Amino acid sequence: MSERLARRWRATLVRRPDQLACQPFLSHRGSLTRRLQQHGDFSLRLLRQTLAAPTRDESALLGILAHRRVQVREVALCCDGRVLVFAHTVLPCRPRGPLQRWLARLGARSLGLLLFSHPGFARGEMTFRCIDHRHPLFAAAAAVLGGEQLRFWARRSTFSFAGQRVLVTEVFAPLQK
């Protein structure tokens, strides 16, 4: 990944007043789905699942060419009827493997539950950043999380399994303390 792109996502989460309420969710290394299930009635809404081009920073992180098509899955994670997280998943089409089949069959089920229940998955480093209108995921996240926000906190990490890597980016709605 280029140094310029790498600087945007940070390995440490600096405490700032605008993310204190969602900080426990941002820094949680376990299943976000399970964490949300502990706080209320959890539901997942599949927003889209398609072949698309990755963003520049996604292609750099995954080590693929920017014009290559990838599988993209976007969901809204809800608790008590309120959307709390916009999740954006990118899976390269090569190498082929079980992740393509699993992702294609998930439907409205949580990828996180699969990732954390199967012993073969390994989570990479978690990185964090505040995204605003300049980030390619901002418009989609704002449409789901609330259009009045000027920025959102996000985290992302890769998961490896059987020679494949999937990148999961989670964008958080502002939470009330």
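Read the figures in this text as sums done on the coordinates, not as results from a lab. All values reported here derive from a predicted model rather than from experimental measurement. Neighbour counts run over all protein chains shown; Cβ positions are idealised from the backbone, glycine included.
Key figures for this structure:
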{"item": "MRE, 222 nm, helices only [DSSP H, n ≥ 4, -39500 (n - 2.57), over the chain, to nearest 500]", "result": "-6500 deg cm²/dmol"}
{"item": "Stokes-Einstein translational diffusion, the range 24-177 - Kirkwood Rh over all Cα pairs, 0.890 mPa s, 25 °C, in µm²/s", "result": "156 µm²/s"}
{"item": "Gain on full stretching of the segment that runs from Arg96 to Arg69 - 0.36 nm per residue minus C-alpha separation", "result": "8.4 nm"}
{"item": "Evaluated over the range 54-120, the Cα radius of gyration and Dmax, each in Å", "result": "13.5, 40"}
{"item": "Length released on extending from Thr12 to Ala108, taking residue separation times 0.36 nm less the Cα-Cα span", "result": "31.4 nm"}
{"item": "Sparsely packed trypsin sites (Lys or Arg not before Pro) within the range 103-150, loop by DSSP, other Cβ within 10 Å at most 16", "result": "Arg109, Arg134"}
{"item": "Kirkwood Rh in Å, taken over all unlike Cα pairs in the range 102-177", "result": "14.1 Å"}
{"item": "In nm, spacing of pseudo-spin labels at Arg34 and Phe121 (7 Å Cα→C-beta vector)", "result": "1.1 nm"}
{"item": "Long-range HN-HN contacts of Leu47 with modeled amide H, under 5 Å", "result": "Glu74, Val75, Ala76"}
{"item": "In the range 17-93, the trypsin sites (Lys or Arg not before Pro) that fall in loop regions by DSSP, at most 16 other Cβ within 10 Å", "result": "Arg29, Arg68, Arg69"}
{"item": "For the chain: relative contact order, % (alpha-carbon pairs under 8 angstrom, 6 or more apart)", "result": "25 percent"}
